[in-house]
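The values are calculated or read from the model by the stated rules, or taken from the named source; none is laboratory data. Note that the coordinates shown come from a computational prediction; the quantities given were computed from them, not determined experimentally. We place every Cβ from the backbone using ideal geometry, glycine too, and count neighbours over all the protein chains shown.
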Amino acid sequence: MTNYPKVSIVILNWNGRYFLEKFLPSVYNSTYPNIEFVVGDNGSTDDSVAFVEEFFPLVRIIENDKNYGFAGGYNKILEQVDADYYVLLNSDVEVTPNWVEPVIELMEKEDFVAAQPKIRAYHKKTHFEHAGAAGGYIDSLGYPFCRGRILHVVEEDKGQYDNVKEIFWATGAALFIKSSVWKEVGGFDADFFAHMEEIDLCWRLKNRGYRIGYCPDSVVYHVGGGTLNTSNPKKTYLNFRNNLIMLQKNLPTVKAVAVIFIRFWMDLLALIQFLVQGKAKDAWAISRAHQHFLLHLFKNSKKRKKNSAKTNNFGIYRKSIIWDFYVNKIHKFSNLSADNF
């Protein structure tokens with residue numbers, strides 16, 4: 001590649017001094033020639049901004065007046081960033097040398113408008129990481145999963161997914177996206193606040209006929225759970241709420257009604273399971289998610305766009321990943337039948 005499009009690495013920060021101190025040096029040492037580094041601060045109350053100003057004076061700082069969440073925060077920051085490509089990078093990600101070049105080269109060569117690198121776990125570097133692994137997929141009922149991660153089972157990376165691949169969604173932990181299509185679809189849905197906003201974004205892109213890619217030649221290491229850990233009831237609430245909203249927004253009307261009906265009953269089973277496990281706050285979080293969804297049903301219906309004839313459904317698993325996991329005991333992506341995609 002001789003002509004290097006401008007790339008802005010944008011890290012959204014909220015009270016993340018620890019992660020910035022630990023991981024910003026690896027990002028700062030990226031070798032891509034035409035690059036800009038941006039820390040977008042989401043109303044932090046710690047000294048993270050002062051830290052960046054002192055030790056990384058060439059990093060541009062853009063400050064929001066308060067915490068707008070992952071989705072709204074990035075929307076506001078990226079309004080002020082001018083580049084050909086945005087890279088939305090979590091503050092808890094360690095990058096490797098030459099991690100930008102392969103992804104940009106792939107996107108320039110192929111017709112991918114968004115893409116992700118290989119995501120491995122920072123604390124277990126031989127394994128994929130939950131939030132992205134080797135590329136995101138979704139099943140017929142809206143449950144997301146990845147090459148290398150089905151539900152809570154994460155695979156060891158043995159090179160089994162070392163091929164360029166079209167995927168359904170790219171992780172928000174290290175999301176490469178063309179700025180033109182980001183602006184075309186209006187970025188994230190700010191109402192999501194956090195969790196699943198990247199899947200919703202990619203689904204909206206797919207409904208316009210665009211393609212999302214996975215680049216195995218770029219590797220990053222993600223800590224995960226840096227803002228909300230997996231046992232946080234707020235995370236439970238956001239995941240269940242946002243998943244339903246995403247289904248309402250992106251599925252054709254008749255299918256959306258059918259799938260959401262089924263999901264309500266499946267969510268009820270999850271609620272009962274939380275109660276049995278003594279996790280009353282998580283059970284209540286699911287109930288609150290359903291209440292919010294129903295109260296905002298008409299508001300979110302206005303966000304629906306008519307699916308175009310170019311709609312790209314590649315990466316939707318036509319069966320239930322929940323059924324295959326628990327009943328058929330399929331715990332590896334490679335054991336799923338390709339005929340069901």
Grab the helices (runs of 4 or more DSSP H) fully contained in the stretch 265-330, keeping just those with 3 or more residues being in contact with a Cys (Cβ under 7 Å, 6 or more places away or on another chain). none
For the stretch 293-316, does any single residue satisfy the condition of being charged (D, E, K, R), loosely packed, with under 11 Cβ neighbours inside 10 Å and under 29 Å from Leu336 (Cβ atoms)? yes
Looking only at residues that are among the hydrophobic types (A, V, I, L, M, F, W, C) and buried (at least 19 other Cβ atoms within 10 Å of the Cβ) in the stretch 243-255, which one is farthest from Leu141 (Cα to Cα)? Ile245
Condition check for Pro102: of a type outside the set (Asp, Glu) and outside any loop (DSSP other than H, G, I, E, B): yes
Taking Lys234 as meeting all but one of (1) more than 25 Å from Ile272 (Cα to Cα); (2) modelled with pLDDT under 95; (3) among the basic types (Lys, Arg), write down the number of the exception. (1)
Taking first residues from the stretch 123-145 that are part of a strand (DSSP E or B) and second residues anywhere that are of a type in the set (Lys, Arg) and crowded, with 18+ Cβ neighbours inside 10 Å, the pairs with Cβ under 7 Å that are 6 or more apart or on different chains are His127/Arg120; Phe128/Arg120; Phe128/Arg149
Just need a number here: residues in the stretch 1-37 that are aliphatic (A, V, I, L, M) and closer than 25 Å to Lys109 by Cβ. 6
Test: Asp82 is buried (at least 16 other Cβ atoms within 10 Å of the Cβ) and within 23 Å of the chain's Cα centre (by Cα): no
Would you point out which residue out of Phe19, Phe23, Phe51 is in contact with a Lys or Arg (Cβ under 6 Å, 6 or more places away or on another chain), in a helix (DSSP H, G or I) and modelled with pLDDT of 95 or more? Phe51
Filter result (free of Cβ contacts under 8 Å to residues at least 24 places away in the same chain and under 27 Å from His296 (Cα atoms)) within the stretch 153-183: Lys183
Within the stretch 177-195, is there a residue that is surrounded by 17 or more Cβ atoms within 10 Å (Cβ to Cβ), touching a strand residue (DSSP E or B) at 6+ places or on another chain (Cβ under 8 Å) and under 29 Å from Pro233 (Cβ atoms)? no
Failed item in (1) in a helix (DSSP H, G or I); (2) over 19 Å from Leu24 (Cβ atoms), with Ile77 passing the rest: (2)
In the stretch 280-296, anything free of Cβ contacts under 8 Å to residues at least 40 places away in the same chain and either in contact with a His (Cβ under 7 Å, 6 or more places away or on another chain) or not hydrophobic (A, V, I, L, M, F, W, C) (or both) is listed as Ser287, Gln291
Hey, among Pro117, Pro144, which residue is touching a strand residue (DSSP E or B) at 6+ places or on another chain (Cβ under 6 Å), of a type outside the set (S, T, N, Q) and either under 19 Å from Ala338 (Cα atoms) or outside the structural domain of Ser26 (by TED's automatic domain parsing) (or both)? Pro144
Which listed residue, of Ile9, Ile62, is under 23 Å from the mean Cα position of the chain (by Cα), touching a residue at least 12 places away in the same chain (Cβ under 8 Å) and surrounded by fewer than 19 Cβ atoms within 10 Å (Cβ to Cβ): Ile62
Can we say Lys206 is surrounded by fewer than 19 Cβ atoms within 10 Å (Cβ to Cβ), among the basic types (Lys, Arg) and at pLDDT 95 or above? no
Just to be sure before I move on: is Ala115 farther than 20 Å from Asn239 by Cβ, touching a residue at least 12 places away in the same chain (Cβ under 8 Å), in contact with a Pro (Cβ under 9 Å, 6 or more places away or on another chain) and buried (at least 22 other Cβ atoms within 10 Å of the Cβ) in the structure I sent? no
